[in-house]
Amino acid sequence: MRIGAPKEIAKGEARVALTPESAAQIQKLGHECLIETGAGLAAGFDDAAYLDAGVSVVESAEALWCEAEVVIKVREPTDAEAERLREGQTLISFFWPAQNEALLEKCRAQGATVMAMDMVPRISRAQKMDALSSMANIAGYRAVIEAGNNFGRFFTGQVTAAGKVPPAKVLVIGAGVAGLAAIGTATSLGAVVRAFDVRPEVSEQIESMGAEFLFLDFEDTQDGAESGGYASPSSPEFREKQLECFRAQAPDVDIVITTALIPGRPAPKLWLEDMVALMKPGSVVVDLAAEKGGNCDLTKPDERVVSDNGVVVVGYTDFPSRMATQASLLYATNIRHMLTDLTPEKDGVIAHDMEDDVIRGATVIHQGDITFPPPPPKVKAIAAAKPKKKEKEPTPEEKKAAELATFKAQTKRQVSMLAIGGALMLLLGQVAPASFMQHFIVFVLACFIGFQVIWKVSHSLHTPLMAVTNAISGIIILGAILQIGSGSAIVTLLAAVSVLIATINIVGGFLVTRRMLAMFQKS
Amino acid sequence: MLGQGFVSAAAIAASVLFILSLGGLSNQEKAKRAVWYGIVGMGVAVFFTAFGPGIGGYGWLIPMVIIGAAAGTYLANKVEMTEMPQLVAALHSFVGLAAVFVAWSADLERRRVLAAQAADGVMQEFSAFAALVATKAPDELTFLQIEVVLGIFIGAVTFTGSVIAFGKLAGKVDGKPRQLPGGHLLNAGAAVLSLLLAVLYLNGAGFWTLILLAALAFFIGYHLIMGIGGADMPVVVSMLNSYSGWAAAAIGFTLSNDLLIVTGALVGSSGAILSYIMCKAMNRNFVNVILGGFGGSQGPAAEIEGEQVAIDASGVASALNDADSVVIVPGYGMAVAQAQSAVSDLVRKLRAAGKEVRFGIHPVAGRLPGHMNVLLAEAKVPYDIVLEMDEINDDFASTDVVIVIGSNDIVNPAAQEDPNSPIAGMPVLRVWEAKQVFICKRGQGTGYSGIENPLFYKENSRMFYGDARESLNTLLPLVD
């Protein structure tokens, strides 16, 4: 099949759906690759790089749409582009079918198959083609960079000769992919980061990225697993609680990054005008939800506005495009993985398997029918979150009581063991001769000393310990020496053999210990 | 001839020196001095006993000591550090055998003295031990007999057990658990029979009972250790270490010699503590290890998702070049492949490049307590970067690269995550928390215990297949 990527014509769009790298991989699947001349320029890939990768460069968009059997794009097609679609052609791009019903109908009328990259279901197998996540990741990163660009201070705290610099305090609202990327970027720049999300199960992820989770004490928190890992609208009471929490944070934080989106709805307003008013002058709000109306009251899409009290509100909607090279590399890889799934035999023939969860989910028009919305995937996105156990901090009294209880139990055990031991000794003393008891005292004391001494031996010296105990257990030679002078020939013989092997033990054991210990060197 | 006073003084001095010698092992530098305390203590003990009152037979004694010393020196200089477990096991067997011989001799002496006393009714001149026996009262003689039985039994079990342990460690006996049909019932039967023989002996039966008793104990030692697998050898060797001590202590009672009792007790408790530490590190109890086999699991083990992804030397090298902190987790596989000096070269190179390199040692890594430490020390790895499990376990989360060389169960996350795993609850090195884990392994397949290791299937794990030494040698030139 011929796979072609036209130049993006949407204003300000710098990304491209095919990179020289992804082209090389796609060709391995048996496909041919085409690109419109200059399509990759804005993302840093010139035509020569594509030619080197074996891609045919096509002179015009028209020619490309004509030649390509599969068109891969970033943005949804414009009306003009949709008209170029023809029967049997496949289009793979972002499409937003729920918002673009007219476009959907138009493409259906043209008879093309359309796969929407934004409809790839969120299951583990499809992660490699989840373009929303890769773009969100870039947006999160870029949001912090934009914030830093508009923020007049360091992120990291420093103590310099010229004075102390406090670290910037960053609040991230919404811990989806973009939010987590923002947390990661901000913490690695050295900021103090707090984060909030309506789904309590993400607290672990937030903490793993090095941020503090703002915990909202509210009974009826929602379970993100039910909605495929996305947030859903919250109840009015919950919203009140949430805003209260943000209001408390507003005077303290320097940078707010909002990423709260609810699929298929306008963005919830979470950072209200009065909160902006509470912020310190020079603070920055970056609104990643600007395209959907913004989380902040003051947000104007694609603009940077300054509030009356000097707070900068950034409402850009093209964060991924602002990092066109990185975004293109990731997006092209997502597309490439999609094509890999579509070409299971790697023979250059596309097999559109509507039984496959991922392909079915992404396909919005197939064989002249609108196939959107898809049925729910057979595999659930995320395993249902286990209810989080709240570990109650024991009160000081409880702690004390617990300590006392363990102490009592220990005392009880020790005393009862001593009592049993004492009773046994008493019994033994009744039957054993006095000379035996004298030796027995020595034996018990030696055991005690042994236990005390050996517990202190360093673990790394356990092998030398074994060797040296080996050597000194050769002390049994004394027994043989005491017997070797016996009048009985057989006893003398047995004793002589014992002396021989015990000596091997003693000498061998000590020498090998010495050899080992000499090897232990400090660096 | 030295008087009894000298002998007693020497015994006190030797006891103190032995205690100091063991206590000195608390730290590497002190240990180098401490071993001399042990040597001097032994020298004092042997010299003063040998030239004490009533000792004869120097015509036998001196040549035997000379031959033994020569053999010991030869052995100590020749042994490879990877062969330490075998050597230790072999030396235990000597103590066991000597204990059996000395106990037999003690009974022969007792019979000789009693016969002589019955024959002429007058005190005749006996040499050292026989003289002591001659002075004993009847109830003391009964106790002496009990001690003889104990000495023989423990000594004989130690002897054959150590011989089998030696064979398994040296690869001369199959390392897998093997038992005769009847299993532990045979052991129990032999033990009951031994008890019966002991009762017969105490009631005046002939010397044959002691020979038979030793034979039965020999069988128990053999059969018990045959039933234990290779990876449990650390426990077995420490247990035999303990037994050799108790055998010496039992002989000490027989001969009424306090120095033997003290030393035997020291060694016995040392081995007991080592066994305890090893069992704890495997989260198994002692009986469970000795009787062999893993504890019952409550259900099917959790299924493992994912696949083992292989990586080549250049991939590992580039990760190492990018890493700041590296932890190496060696296991028995490193010893088998003799890879310790290759590891040491790698460590030197990485440290020269300014990276933080450390070792994480699990208590049961290898076939002997502390085995890995000795191997690394031999390869000139400084001991202060070789850390214990508890010291390093919390640092894995902040480690860039972990290299696992020839270990399996001690890095198995199932021990903590899967309550149905046969090794559930065993403390393990949490290597999977690191950013990347490379597992140096001969091939796919499970380790000694036959337990699947989910670590190999984790997203941040890569399998570096091949012989450990060869793999590391191909890796070395690629690291800069």
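Any residue at all in region B:93-114 that's charged (D, E, K, R), facing chain A (nearest Cβ under 8 Å) and without any contact (Cβ under 8 Å) to a residue 40 or more places away in the chain?
Taking region B:93-114 as the starting set, the residues that turn out to be charged (D, E, K, R) are B:107, B:109-112.
Subsequent filtering for residues that are facing chain A (nearest Cβ under 8 Å) retains B:109, B:112.
Then keep just the ones that are without any contact (Cβ under 8 Å) to a residue 40 or more places away in the chain; that gives B:109, B:112.
Among the residues of region B:93-114, at least one is charged (D, E, K, R), facing chain A (nearest Cβ under 8 Å) and without any contact (Cβ under 8 Å) to a residue 40 or more places away in the chain, which makes the answer yes.
Would you mind stating whether residue B:286 is modelled with pLDDT under 90, surrounded by fewer than 20 Cβ atoms within 10 Å (Cβ to Cβ), hydrophobic (A, V, I, L, M, F, W, C) and in the same structural domain as residue B:129 (by TED's automatic domain parsing)? Walk me through how you get there before you give the answer.
Values: modelled with pLDDT under 90: yes; surrounded by fewer than 20 Cβ atoms within 10 Å (Cβ to Cβ): yes; hydrophobic (A, V, I, L, M, F, W, C): yes; in the same structural domain as residue B:129 (by TED's automatic domain parsing): yes.
The answer is yes for residue B:286.
For a quick check of your reading: which strands (runs of 3 or more DSSP E) sit entirely within region A:110-189 and have at least 1 residues that are surrounded by fewer than 24 Cβ atoms within 10 Å (Cβ to Cβ), free of Cβ contacts under 8 Å to residues at least 24 places away in the same chain and among the charged types (D, E, K, R)? Even if it seems obvious, please write down each step before you answer.
Numbers: elements: A:113-116, A:158-160, A:163-165, A:169-173.
Per the criteria, A:163-165.
What is the one condition in (1) outside any helix (DSSP H, G or I); (2) closer than 17 Å to residue A:452 by Cα that residue B:274 does not satisfy?
(1)
Taking into account only those residues within region B:56-82 that are at pLDDT 85 or above and more than 8 Å from chain A (Cβ to nearest Cβ), which is nearest to residue A:515 (Cα to Cα)?
B:78
Starting from region A:448-476, keep only residues that are facing chain B (nearest Cβ under 7 Å) and of a type in the set (Phe, Trp, Tyr), then list their pairs with residues that are surrounded by fewer than 24 Cβ atoms within 10 Å (Cβ to Cβ) and in a helix (DSSP H, G or I) whose Cβ atoms are within a distance under 9 Å, requiring at least 6 positions of separation or different chains.
Correct list of pairs: A:451/B:272; A:451/B:273; A:455/B:273.
Could you list, in sequence order, the residues of region B:310-342 that are in contact with a strand residue (DSSP E or B) (Cβ under 7 Å, 6 or more places away or on another chain) and closer than 13 Å to residue B:402 by Cα?
B:316, B:319, B:320, B:323, B:324, B:325, B:326, B:327, B:328, B:329, B:330
For residues that are in a loop (DSSP other than H, G, I, E, B), within 34 Å of the chain's Cα centre (by Cα) and β-branched (Val, Ile, Thr), tally how many sit in region A:57-78.
Here the count works out to 1.
Taking residue A:438 as meeting all but one of (1) at the interface with chain B (Cβ under 7 Å from one of its Cβ atoms); (2) surrounded by fewer than 24 Cβ atoms within 10 Å (Cβ to Cβ), write down the number of the exception.
Unmet condition: (1).
Condition check: crowded, with 19+ Cβ neighbours inside 10 Å, of a type in the set (Val, Ile, Thr), in contact (Cβ under 8 Å) with a residue 40 or more places away in the chain and at the interface with chain A (Cβ under 9 Å from one of its Cβ atoms). Does residue B:49 satisfy that?
Working: crowded, with 19+ Cβ neighbours inside 10 Å: yes; of a type in the set (Val, Ile, Thr): yes; in contact (Cβ under 8 Å) with a residue 40 or more places away in the chain: yes; at the interface with chain A (Cβ under 9 Å from one of its Cβ atoms): yes.
Yes.
Tell me, yes or no, whether region B:404-418 has at least one residue that is surrounded by fewer than 17 Cβ atoms within 10 Å (Cβ to Cβ) and of a type in the set (S, T, N, Q). Before the answer, list the steps.
So in region B:404-418, the residues surrounded by fewer than 17 Cβ atoms within 10 Å (Cβ to Cβ) come out as B:416-417.
Narrowing the set further to residues that are of a type in the set (S, T, N, Q) leaves B:416.
The answer is yes; a qualifying residue exists.
What are the residues in region A:250-282 that are buried (at least 19 other Cβ atoms within 10 Å of the Cβ) and within 18 Å of residue A:211 (Cβ to Cβ), if any?
A:250, A:253, A:254, A:255, A:256, A:257, A:258, A:259, A:260, A:270, A:271
Which pairs do you get when a residue that is more than 7 Å from chain A (Cβ to nearest Cβ), found in region B:18-36, comes within reach of a residue that is among the charged types (D, E, K, R) and assigned to a helix (DSSP H, G or I), reach meaning Cβ atoms under 7 angstrom, with the pair 6+ apart or on two chains?
B:24/B:30; B:24/B:33
Look at residue B:273 and say whether it is more than 11 Å from residue A:473 (Cα to Cα) and either more than 7 Å from chain A (Cβ to nearest Cβ) or in contact with a helix residue (DSSP H, G or I) (Cβ under 6 Å, 6 or more places away or on another chain) (or both). Steps first, answer last, please.
On the way: more than 11 Å from residue A:473 (Cα to Cα): yes; either more than 7 Å from chain A (Cβ to nearest Cβ) or in contact with a helix residue (DSSP H, G or I) (Cβ under 6 Å, 6 or more places away or on another chain) (or both): yes.
It is true that residue B:273 is more than 11 Å from residue A:473 (Cα to Cα) and either more than 7 Å from chain A (Cβ to nearest Cβ) or in contact with a helix residue (DSSP H, G or I) (Cβ under 6 Å, 6 or more places away or on another chain) (or both).
So is residue B:283 out of contact with any Asp or Glu (no Cβ under 8 Å at 6 or more places or on another chain), on the phi > 0 side of the Ramachandran plot and either more than 9 Å from every other protein chain (Cβ to nearest Cβ) or among the aliphatic types (A, V, I, L, M) (or both) or not? Working first, answer last.
Working: out of contact with any Asp or Glu (no Cβ under 8 Å at 6 or more places or on another chain): yes; on the phi > 0 side of the Ramachandran plot: yes; either more than 9 Å from every other protein chain (Cβ to nearest Cβ) or among the aliphatic types (A, V, I, L, M) (or both): yes.
Yes.
Let me spell it out: the conditions are (1) of a type outside the set (S, T, N, Q); (2) touching a Pro at 6+ places or on another chain (Cβ under 7 Å); (3) at pLDDT 90 or above; (4) under 25 Å from residue A:261 (Cβ atoms), and residue A:357 meets all of them except one. Which number is the exception?
Every listed condition holds for residue A:357 apart from (3).
Cβ-Cβ below 6 Å, separation at least six or inter-chain, first residue in region A:494-523 and farther than 24 Å from residue A:480 by Cα and facing chain B (nearest Cβ under 7 Å), second assigned to a helix (DSSP H, G or I) and of a type in the set (Asp, Glu): which pairs?
A:519/B:378; A:522/B:384; A:523/B:384
A quick yes/no check of all residues on (1) away from chain A (no Cβ under 11 Å); (2) part of a loop (DSSP other than H, G, I, E, B):
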residue	(1), (2)
B:308	yes, yes
B:317	yes, no
B:326	yes, no
B:329	yes, no
B:341	yes, no
B:348	no, no
B:369	no, yes
B:375	no, no
B:381	no, yes
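Filtering region B:252-268 down to residues that are in contact (Cβ under 8 Å) with a residue 60 or more places away in the chain and in contact with an Asp or Glu (Cβ under 8 Å, 6 or more places away or on another chain), which residue is surrounded by the most Cβ atoms within 10 Å (Cβ to Cβ)?
Once the filter is applied, the top-ranked residue is B:254.
Tally time: how many residues in region B:208-259 are within 19 Å of residue B:84 (Cβ to Cβ) and acidic (Asp, Glu)?
1
For residues in region B:433-456 being assigned to a loop (DSSP other than H, G, I, E, B) and farther than 21 Å from residue B:416 by Cβ, which is modelled with the lowest pLDDT? Please lay out each step first, then the result.
So in region B:433-456, the residues assigned to a loop (DSSP other than H, G, I, E, B) come out as B:434-435, B:442-453.
Narrowing further to those that are farther than 21 Å from residue B:416 by Cβ: B:442-445.
Working: B:442: 80, B:443: 73, B:444: 70, B:445: 65.
Among those residues, the one meeting the criterion is B:445.
The values are calculated or read from the model by the stated rules, or taken from the named source; none is laboratory data. All figures in this text were calculated on a predicted structure; none of them were measured in a lab. All Cβ positions, glycine included, derive from the backbone under ideal geometry; neighbour counts span all protein chains shown.
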